[in-house]
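Please treat every number below as a calculation from the coordinates, not as lab data. All values derive from a computational prediction rather than experimental measurement. Neighbour counts are summed over all protein chains in view; Cβ atoms, including those assigned to glycine, are modelled from backbone coordinates with ideal geometry.
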Amino acid sequence: MIKVMIQRRVPKELIDPYQQAASKIMLKAMQSPGFISGESLRNADDEEDRVVFANYRSEGDWSRWYHSAERRAMIEALRPMLEGDEKITVLEHI
């Protein structure tokens with residue numbers, strides 16, 4: 001199993017539309033093969049700092065979702081709501 005950490009910065013005035021769009025992305029991700037679980041969090045000290053954790057069966061499963069046309073289209077719609085690019089880190093258990 002792998003854990004994917006996705007970090008995003010969202011301006012305060014765009015938090016509501018961001019949350020709606022991010023929830024749709026999570027719902028679609030949940031339907032992708034190999035998806036195990038996920039959660040969306042915000043920094044308790046900085047509401048513009050958002051983190052998504054997603055657990056996948058394998059890096060290949062994550063890669064298929066990450067490169068899918070469906071995810072790319074949804075991220076393109078989300079991108080104008082972000083301050084910069086999302087930062088993605090793939091983590092493995094040791």
Which residue out of L27, L41 is of a type outside the set (S, T, Y), part of a strand (DSSP E or B) and exposed (fewer than 15 other Cβ atoms within 10 Å of the Cβ)?
L41
Residue check, E83 against (1) without any contact (Cβ under 8 Å) to a residue 60 or more places away in the chain; (2) surrounded by fewer than 13 Cβ atoms within 10 Å (Cβ to Cβ), all met but one. Which one?
(1)
Return the total of residues in the range 1-24 being among the charged types (D, E, K, R) and either part of a strand (DSSP E or B) or within 25 Å of H67 (Cβ to Cβ) (or both).
4
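Conditions tested, residue by residue: (1) among the basic types (K, R); (2) closer than 22 Å to L14 by Cα; (3) in contact with a strand residue (DSSP E or B) (Cβ under 8 Å, 6 or more places away or on another chain).
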| site | (1), (2), (3) |
| --- | --- |
| M26 | no, yes, yes |
| L41 | no, yes, yes |
| A44 | no, yes, no |
| E47 | no, yes, no |
| P80 | no, yes, no |
| E83 | no, yes, yes |
| E86 | no, yes, yes |
| E92 | no, no, yes |
The range 64-80, residues that are surrounded by 14 or more Cβ atoms within 10 Å (Cβ to Cβ) and in a helix (DSSP H, G or I):
R64, W65, Y66, R71, M74, I75, L78
Any idea how many residues of the range 73-88 are within 18 Å of V51 (Cβ to Cβ) and over 13 Å from the mean Cα position of the chain (by Cα)?
3
Cβ-Cβ under 6 Å pairs, at least 6 apart or on other chains, the range 59-72 side touching a residue at least 40 places away in the same chain (Cβ under 8 Å) and closer than 18 Å to M5 by Cβ, far side of a type in the set (A, V, I, L, M, F, W, C) and surrounded by 15 or more Cβ atoms within 10 Å (Cβ to Cβ)
E59/I2; W62/V4; R71/W65
Looking only at the range 1-39, count every residue that is of a type in the set (A, V, I, L, M, F, W, C) and touching a residue at least 40 places away in the same chain (Cβ under 8 Å) and tell me the total.
11
